[in-house]
Amino acid sequence: MFFVLELDKEIELPPRFFGPRLRETLEQKLHSEVEGTCSGAYGFIICVVSTESVSKGIIREGTGSASFNVKYKCVVFRPFRGEVLDAVVTQVNKVGFFAEAGPLQIFVSSHLIPEDFELTTADEPSFVSADGEVRIQLGSEVRLRVVGTRIDASDIFCVGTIKEDYLGVIGDPQA
Amino acid sequence: MSVTVPASFKTLVKLVAKAFYSGDVPPRDPNEPPPTTAKAKQQAEYKGLAIVVLNALLNREWTSEDDLARDLKLHPKQLRKTLRYLEQDHILQREHIKKARTRKQDDGTDGTAGEVVEDEDDINPRVQLNSFCSIDYPALLDMVQLRLHLMHKYLKDSVQDQDPIQEYLCPTPDCGSRYTTLQAPFLIDLTDGLFHCERCGAVLQAALGRGGEVGDEASRRQRRADLKNLQARMDAQLKPLTDQVARVKDMRIPDFGSLKDWAADNKAREARAANGGRGGGGGAGRANGLQGIDDEYRETQVEVDMGGGASSAQPSAAPKEIPRWLWREGMNVPKPGTAEAAAADAKEDAKQADGTAADVQEAYVTAWMEAVRRQQEALGGATTDVMPEQKEDVEGPARKRIKTESGAEAAGPAIKAEVKPEPSFPEEEPEWEDAAHPAGQPAAAAGQTAAQEPEWEDAAPQAGQEEPEWEDAGPSQAHDDGEDDLQWEDT
């Protein structure tokens, strides 16, 4: 699920950026430092929407850098158990398959794949339905439900299932 | 109120016993070596014991376990083991009461007889217990329902196999690590697409269910088929039990209550039965069991000693004097403890029996006058201070009586719990005297234990005023001053 949050961050700027474009540099630095990170408390920070306020810089003794406390708004993505996500298959193997929903990695175990799917390793490893119509292979788009999450300080990992109604392959790999 | 157990509940108990307790109860410990001697073998035979015990208990309410063991011709220890197991399974309720101590066991540390014991493990093993048990129908019903529900749920979940987090076990015997799918990114080996143990590197095996079984997809499917089969069989075999539970569910559940309540109840009922002249035909069998409870639950008798020594001066058999303000028209006033009064009463009674109304009145007047005269002589005009207006006041007679009882307010009422007369300790008498004169005290006078020694020395200087602790339990009549006695304020 996506949220817009207001967070703050301490940003350190070397003295060579002190000048008329200081604010822009600060925002650039904030974007590069914050976007794409993951915190256990808030989830993945997808992007910074706006910078709300910047505190006065404090010169660090010895280095000459200044540190600014920046308050910013950002979009975060945090998965919850029971949530349905669309994901792209990144790896298929005997024990199941891995998929990615943006920055989030999800594993679907083979026992949470419908029973008529069989693993074939002929060309590339893939799960193929009994009638051969549906294939879960590298790059397939699947809709899955999150059944378990493991949230560490700087990482989130999910376990998903496609063994339910309306879940499963929704698109073949784009060629 | 008598508890009658409906037949459907009895059927339920029988079904439960046959369904769940037909084997060894308690189950045999596989690590325990089998008994060798014939006697030990017989005592270690628990097969089907629960069925026997429960059937026997169906026709009893609270029953002494010793009686039960005798009736079933079982060793009490063996029976107790089974009962304990059934109690843990919430089929029975048990209560333990300390037996009255015999002289031999009396070490003065283990509370009193008749005390209810919460946990039989907690108490000194030397204290003997009187244990009672009965079928706990409310708990039993709950237990059966929960058990059936959990069995169904377990099988249903296993069949559906929807456990979201799959477990993986390391097959290496020394390692035995367990992992879940949540750790998948750390376990996966991209070269062969399998999970490997983080510690030993062995290929992990998927766990089937919550037990320790492992297997691939094929065995998983096989297992599910087996479980489905098992579920069907279980449903079929437990159908009588489920039906019986459904039948019984909305009925009034028989409940014997706690042992104490039940015993009191039973006693009252039997007394009623005796008064009604119906006789306790059904109760006769229980009489023995009840006897024990009566002994143990004998109410603590409290003797109220008003006014200390003053009252003891009166002859104990004398009828209490009725205060003057309670005298009423036509009342026969008894006088305290005089033979003449009794004789007068008897005379009057005899006259009343055959005489006319006038005779009765005349006799009454003479008797009354006589009584008053005697009383005045005896008390020396002590009654003259009674206020005349109190004559009409008949409210709260008991309270008034207490007030006027000689010395009642001065001394304060002392209530003494009746204690069993402590056996006298002849060998301790001389020591007491020794203690009173510490100068000449021999160090180890006649087997006195070292622990008691300092107490003796402490007590010695005040021997005249204060009784040492150990004497308190003894016959308290010997003490002159009531202050050192065990005392409670009358409230």
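The values are calculated or read from the model by the stated rules, or taken from the named source; none is laboratory data. Just so it is clear, the structure is predicted and the values come from calculations on it, not from any experiment. For neighbour counting, all protein chains shown are included, and Cβ atoms are generated from backbone atoms with ideal geometry for every residue, glycine included. Only protein heavy atoms, including side chains, enter the accessible area calculation; ligands, DNA and RNA are left aside. Shrake-Rupley method; radii C 1.70, N 1.55, O 1.52, S 1.80 Å.
Between A:LEU5 and A:ALA130, what FRET efficiency follows from the Cβ-Cβ distance if R0 is 45 Å, with the result rounded to 0.05?
Working from the Cβ atoms, E equals 0.50.
Could you check how much of the accessible area of the range A:2-77 is carbon and sulfur, as a whole percent, using a 1.4 Å probe? Can you show the working numbers first?
Values: 2410 of 4530 Å².
C and S fraction of accessible area: 53 percent.
Explain nothing, just the number: relative contact order of the range A:84-171, from Cα pairs under 8 Å at least 6 residues apart, as a whole percent. Don't skip to the answer; put the middle values down first.
Details: 193 pairs, mean separation 27.3, N = 88.
In percent, rounded to a whole number, it is 31.
Residues of the range A:66-100 with amide nitrogen under 20 Å from the 7 Å Cα-to-Cβ point of A:LYS56?
What the label zone holds, given the 20 Å backbone N cut-off, is A:66-71.
Relative contact order for chain A: what is it in percent, counting Cα pairs under 8 Å that are at least 6 residues apart?
21
Heavy-atom accessible surface, probe 1.4 Å, ligands and DNA/RNA ignored: which residues of the range A:88-111 lose at least 40 Å² versus the isolated chain?
A:GLN91, A:LYS94, A:VAL95, A:PHE98, A:HIS111
Using 7 Å Cα-to-Cβ label points, what is the B:ALA236/B:ALA19 separation (nm, one decimal)?
1.7
Give, as a single signed number, the net charge of other residues whose beta carbon lies under 9 Å from the beta carbon of A:ILE170, with Lys and Arg counted +1 and Asp and Glu -1.
Values: positive: A:ARG143; negative: A:ASP86, A:GLU141.
Residues close to A:ILE170 contribute a combined charge of -1.
Could you check the spin-label model distance between B:LEU326 and A:ILE46? Points 7 Å from the Cα along Cα→Cβ, value in nm.
In this crude spin-label approximation the distance works out to 9.3 nm.
Give me the net charge for the shell around A:GLN28: Cβ to Cβ below 15 angstrom, other residues only, Lys and Arg +1, Asp and Glu -1.
Working: positive: A:LYS9, A:ARG16, A:ARG21, A:ARG23, A:LYS29; negative: A:GLU12, A:GLU24, A:GLU27, A:GLU33, A:GLU35.
Residues near A:GLN28 contribute 0 overall.
Show me, for the range B:358-366, the HN-Hα J-couplings you get by feeding each phi into the Karplus relation (A = 6.51, B = -1.76, C = 1.60, θ = phi - 60°), rounded to Hz, glycine and proline as x.
Values per residue, Gly and Pro as x: 5, 4, 4, 4, 4, 4, 4, 4, 4 Hz.
Please list, in chain and number order, the residues 5+ apart from A:LEU138 or on another chain whose amide H is under 5 Å from its amide H, with Hs placed from the backbone.
HN-HN under 5 Å from A:LEU138: empty list.
Any idea of the total accessible area buried by the A-B contact, 1.4 Å probe, rounded to 100 Å²?
On the way: alone 10010 and 31640 Å², together 39930 Å².
Summed over both sides, the interface buries about 1700 Å².
In peptide B:14-27, how many Cβ atoms from other protein chains are near each Cβ within 10 Å, on average? Let's see the in-between values first.
Numbers: counts 0, 0, 0, 0, 0, 0, 0, 0, 0, 0, 0, 0, 0, 0.
Other-chain Cβ atoms within 10 Å of each residue's Cβ, averaged: 0.
Could you work out, residue by residue across B:192-201, how many beta carbons of other chains sit within 10 Å of that residue's beta carbon, and then give the average as an integer? Intermediate values should be presented prior to the final figure.
On the way: counts 2, 10, 3, 4, 0, 0, 0, 0, 0, 0.
Partner Cβ neighbours, averaged per residue: 2.
Residue separation times 0.36 nm, minus the C-alpha to C-alpha distance between B:LYS73 and B:ASP157: what's the value? Please report the intermediate quantities before stating the final value.
Values: separation 84, 0.36 × 84 = 30.24 nm, distance 4.48 nm.
So the chain would gain 25.8 nm between B:LYS73 and B:ASP157.
Using modelled amide H (1.01 Å from N, peptide plane; none on Pro or chain starts), what sits under 5 Å from the amide H of A:ASN69, excluding residues fewer than 5 places away?
Residues meeting the criterion, in which the H sits 1.01 Å from N, are A:ILE11, A:SER55.
Starting from 0.36 nm per residue, how many nanometres of slack lie between B:LYS260 and B:ARG373 once their C-alpha separation is accounted for?
Numbers: separation 113, 0.36 × 113 = 40.68 nm, distance 5.30 nm.
Stretched fully, the B:LYS260-B:ARG373 segment lengthens by 35.4 nm.
Suppose every K and R has +1 on its Cβ and every D and E has -1 on its Cβ; what is the size of the dipole of the range B:160-249 about the Cα centre, in Debye to the nearest 20?
Numbers: 12 positive and 13 negative charges, 140 e Å.
Rounded to the nearest 20 debye, it is 680 debye.
Rg/Rh for the range A:1-41: what does it come to with C-alpha atoms and Rh from Kirkwood? Could you put the intermediate results ahead of the total?
Working: Rg = 12.8 Å, Rh = 12.0 Å.
My calculation puts Rg/Rh at 1.06.
For B:THR4 and B:LYS99, what is the calculated FRET efficiency with R₀ set at 30 Å and r taken between the beta-carbons, to the nearest 0.05? Could the numbers behind the result be given before it?
Numbers: r = 31 Å, r/R0 = 1.03.
Here the calculated transfer efficiency is 0.45.
Applying the Karplus parametrisation 6.51 cos²θ - 1.76 cosθ + 1.60 with θ = phi - 60° to the phi angles of the range A:146-154, what ³J(HN,Hα) value in whole Hz is obtained for each residue in order, glycine and proline being reported as x?
6, 10, x, 10, 10, 10, 9, 4, 10
Can you figure out the FRET efficiency of A:GLU83 with A:THR63, using R₀ = 41 Å and their beta-carbon distance, to the nearest 0.05?
Values: r = 44 Å, r/R0 = 1.08.
The formula returns an efficiency of 0.40 here.
Within the P(r) computed for the range A:52-175, what percentage of the Cα pairs occupies the region above 18 Å?
On the way: 4428 of 7626 pairs.
Of the Cα pairs, 58 percent sit more than 18 Å apart.
Could you compute the net charge surrounding B:GLY201? Neighbours are other residues with a C-beta less than 15 Å from the C-beta of B:GLY201; K and R count +1, D and E count -1.
On the way: positive: B:ARG199; negative: B:ASP174, B:ASP189, B:ASP192, B:GLU198.
So the surrounding residues net to -3.
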